[in-house]
Every structure is written in structure tokens, then in C-alpha cells.
Amino acid sequence: MEKNILIVEDSPTMRSSVSFCLRNAGYRVAEAIDGKDALKKLQSMNDKSEPLSLIITDINMPQMDGITFISEVKETDFKFVPILVLTTESEESVIKKGRDAGASGWLLKPFQPEQLLWAVKKVIWTK
Ligand SMILES: [Mg+2]
């Protein structure tokens, strides 16, 4: 069965390269441009029968950053969906904030496609 993944990323270039990589590997992908947009998209997914397998989010985004977004997701019906962070942010304190908010994994940009796919598989299978 196809797995659905939501990508939350403000950079159009990064968003399409992540999306391309995942679609190529057989995943079904939805895109959001920041945390606020993503929460709206999640709301509209509520009634659909196809479950969301994973959320991949950036940290630095306008309107709503990734850390706030992760905390918000944990207040919704999607609280058990694993969240993988894909960011340039490598500072220990930020990573800790992400983990405390509920992130399942942390990947640094620029990403290698194989590395991203491996992380995605691992997070989806071990949730
Ligand atoms: Mg960004």
C-alpha cells in the first residue's frame, strides 16, 4: 500500500527536491509551505480514509516554525504520526527542543536521497 507523507518546507526548491525523491521511491506526497499551512492541510485530511504515515518538516519557516508546528501536531489527532526534521539547524539546543516537542528524527540539509529514504523507512517502520 502506498504511504502518505506530508512535507512542510518554505523553500520551493528544497520542497520539490524532497518531494521528487519521495515520489520516485513510490510514496504519495502532500506539500505545505510552513507550519500554519501544514496545520490547515492536516485539518482537511481528517475525514480522509487514507492514513498519514509520516510528516517531514523544516525548522526555519515564516508564519510558524518547525518546533511550534511539531508541538501543535501533538495536540491533534495526528499526534501519533512520526515527524522527521530536515533542516540546516545542527545546534544541540535546537535539536533538543525538537525532540522535546516530539520529533522522531533529525536530518541535516543538504540531504543525500539514499540517506533521506533510509531515514524515512526507518521512522515509518519503527513507529
Ligand atoms: Mg526554511
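A short reminder: the numbers here are calculations on the coordinates, not readings from a lab. All values derive from a computational prediction rather than experimental measurement. Quick reminder, even Gly has a Cβ in these numbers, built from the backbone with ideal geometry, and neighbours come from all protein chains shown.
What percent does the relative contact order of segment 47-127 come to when contacts are Cα pairs within less than 8 Å and at least six residues apart?
On the way: 96 pairs, mean separation 25.1, N = 81.
Relative contact order comes out at 31 percent.
Can you list, bin by bin at 10 Å, the percent of alpha carbon pairs in the chain, starting at 0?
Reading the bins upward from 0: 13, 51, 33, 2.
Under unit Cβ charges (Lys, Arg +1; Asp, Glu -1), what dipole magnitude, rounded to 20 debye, does segment 49-127 have relative to its Cα centre? Could you put the intermediate results ahead of the total?
Details: 9 positive and 11 negative charges, 60 e Å.
Charge dipole of segment 49-127: 300 debye, to the nearest 20.
Please list, by residue number, every one of the GluC sites (Glu not before Pro) in segment 32-90 that is coil in DSSP and has at most 12 other beta-carbon atoms within 10 Å.
On the way: sites: E72, E75, E89; in loops: E75, E89.
Answer in residue order: E75.
Here are some pairs, K41/K96; K3/K41; K74/K97; K41/K121; K3/K109; K36/K79; which of them have Cα atoms lying more than 20 Å apart in this structure?
Working: K41/K96 26 Å; K3/K41 17 Å; K74/K97 14 Å; K41/K121 23 Å; K3/K109 23 Å; K36/K79 16 Å.
Beyond 20 Å: K41/K96; K41/K121; K3/K109.
Can you tell me how much longer the chain between K79 and N60 gets when fully stretched, taken as 0.36 nm per residue apart minus their C-alpha distance, in nm with one decimal? Don't skip to the end; give the middle numbers.
Details: separation 19, 0.36 × 19 = 6.84 nm, distance 2.12 nm.
So the chain would gain 4.7 nm between K79 and N60.
Can you give the Rg to Rh ratio for segment 42-99, taking only C-alpha atoms and Rh from Kirkwood? Don't jump to the answer; show the numbers that get you there.
On the way: Rg = 12.2 Å, Rh = 12.3 Å.
Using Cα coordinates only, the ratio equals 0.99.
Roughly how many whole Å is it from the C-alpha centroid of segment 85-107 to that of segment 1-78?
After rounding, the separation between the Cα centres reads 16 Å.
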